[in-house]
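Here the structure is laid out as structure tokens; the discussion comes afterwards.
The values are calculated or read from the model by the stated rules, or taken from the named source; none is laboratory data. The structure displayed is predicted, hence computed values, not measured ones. Quick reminder, even Gly has a Cβ in these numbers, built from the backbone with ideal geometry, and neighbours come from all protein chains shown. Remember, those area values only see protein heavy atoms, side chains included, never the ligands or the DNA or RNA. Shrake-Rupley method; radii C 1.70, N 1.55, O 1.52, S 1.80 Å.
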Amino acid sequence: GPQLHVPARQTGPRAVPARPEGAKRPLGVGASHLGEGFKAEPRAPTPQLQEQQRTAQPKTVTMKVVLKPVVAEKLKQLNSRGVKLTPEALRGLAAADAKDAEVLMQALLSRGEVPNPSNFITASLANLAKRQATAPIEQSHSVQHQPAAARAAPASAGTSAAKVLPRGKGPKGPKGPKGPKFSGTGAGPAGSGPRTAPVASPKVPGQGQPPKRRTADLPFERLAVQAKLFAVNKQGIWAKQGKALDESALSALMQIEPARGLEILDEVESRGVGLVDPSRYARDLAADEEKVYPPS
């Protein structure tokens, strides 16, 4: 029968026809509809994706801080000077005692320029809390180290234990003897002889003069005493009597321990109009304390 001649299969590399210069490569199957300038339309995010994006964003938590009216007023004065306090400092002022916060803000106002007011507030409050925490411990140690007889009975015979009374409500002392009456001149029941003038007490330096603000670089505790005195005067407690805490009172309080000076000022403030001469009362209390600072 007839014979068929089948050419042998080529086993070498397949020859690819040369592409003319400048010709574009043909698109694959299914891509012929994509032309130049094609832009894919963005898909709308699914509800799950929107929820993930919303929860991933940082949240800003706003906390309301309530300050005492006096502290808030002093904060406005600081803000008017361009001084802004951090939230940490504001929370510390809100949690602190009203008088401590007031004294601290007054000290900051009177100090002038402070490099970091917020740090000044937080550090001062931390030191104050530390001193208040250690004060009861030190007091209990001092009582324990006393002899048992001294704790149980009075130190000397004939004296009774002092009764602890609330501040500003001390017992009245016995009335002193009446002084001699002045005698008139000439005949009559008033007697005769020259009239004797009363002996005037020596005047204390700074008595009757307005207090002078110390501008030196004082520590916070001493600045707090000064600020407290000016804050008490600003209330006008003795304005009707024409009285106020004068320079002599400030000078006396600045020479003793600042903590004791603040206690004296608190007592003067609590007695209020019941004091005829508040400066003299403060000086008398300060005179019983140890002088730890020189006069300034």
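Computed quantities for the displayed model
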{"quantity": "Residues within the stretch 100-120 that are under 18 Å from ALA227 (Cβ atoms), not hydrophobic (A, V, I, L, M, F, W, C) and not in a loop (DSSP other than H, G, I, E, B), tallied", "calculated": "6"}
{"quantity": "Any hit, the stretch 88-99, residues being open to solvent by less than 80 Å² (accessible area, probe 1.4 Å), part of a loop (DSSP other than H, G, I, E, B), at pLDDT 85 or above and on the phi < 0 side of the Ramachandran plot", "calculated": "yes"}
{"quantity": "So ALA244, is it among the small types (Gly, Ala, Ser) and under 20 Å from the mean Cα position of the chain (by Cα)", "calculated": "no"}
